[in-house]
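Working notes, structure below.
The values are calculated or read from the model by the stated rules, or taken from the named source; none is laboratory data. For clarity, every value in this text was computed on a predicted model and none was experimentally measured. So basically every Cβ, Gly included, is an ideal-geometry build from the backbone, and we count neighbours across all protein chains shown.
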Amino acid sequence: MHVALVSPAWPLEGKSNGIVTYVHWLRNGLEKEGCRVSVLAFEVDENCSDPHVYRIDRTDSGRRLLNRVSGRSPTYDAGYRIATTLRRLHRSVPIDIVEMEESFGWAINV
């Protein structure tokens with residue numbers, strides 16, 4: 001089973017964020033149970049060499065401007081970015097489950 005976890009940042013070291021902590025420990029537990037786990041994060045430390053960690057695609061400035069003009073919230077942009085990254089990953093390694101914490105409301109637009 002391949003599980004994708006969405007996180008605001010990665011890795012846990014140096015982060016004081018409850019969501020990153022949650023994703024860290026969930027990943028460890030799932031891997032111990034034999035799951036393949038990928039982490040998708042908005043911010044990835046430049047020293048992170050984990051092949052199962054993916055930076056969430058950045059949007060181009062034209063998309064950000066279009067969202068602003070159309071009145072879409074930053075949450076919409078984040079959801080679009082997550083979905084774009086998930087599609088790219090799923091094409092190469094199919095994903096069975098996507099899990100994301102919902103403090104930011106990202107899933108509403110994915």
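Any residue in region 26-38 that is closer than 9 Å to Leu5 by Cα sitting within a Cβ distance under 8 Å of a residue that is among the aromatic types (Phe, Trp, Tyr) and surrounded by 11 or more Cβ atoms within 10 Å (Cβ to Cβ)? List the pairs, counting only those 6 or more apart or interchain.
That search, which allows pairs on different chains as well, returns Ser38/Tyr54.
For residues that are assigned to a helix (DSSP H, G or I) and of a type in the set (Phe, Trp, Tyr), scanning just region 1-56, find the one that is nearest to the chain's Cα centre (by Cα). Give the derivation first.
Let us first name the residues in region 1-56 that are assigned to a helix (DSSP H, G or I), namely 18-32.
Among the residues that remain, those that are also of a type in the set (Phe, Trp, Tyr) are: 22, 25.
Numbers: Tyr22: 13, Trp25: 16 Å.
Residue satisfying both the conditions and the ranking: Tyr22.
Scanning region 79-105 for residues that are basic (Lys, Arg) and loosely packed, with under 15 Cβ neighbours inside 10 Å, which turns out modelled with the highest pLDDT?
Step by step, filter region 79-105, then rank; the result is Arg91.
Can you name the condition, by its number, that Val69 falls short on among (1) at pLDDT 80 or above; (2) exposed (fewer than 15 other Cβ atoms within 10 Å of the Cβ)?
Looking at each condition in turn, Val69 falls short on (1).
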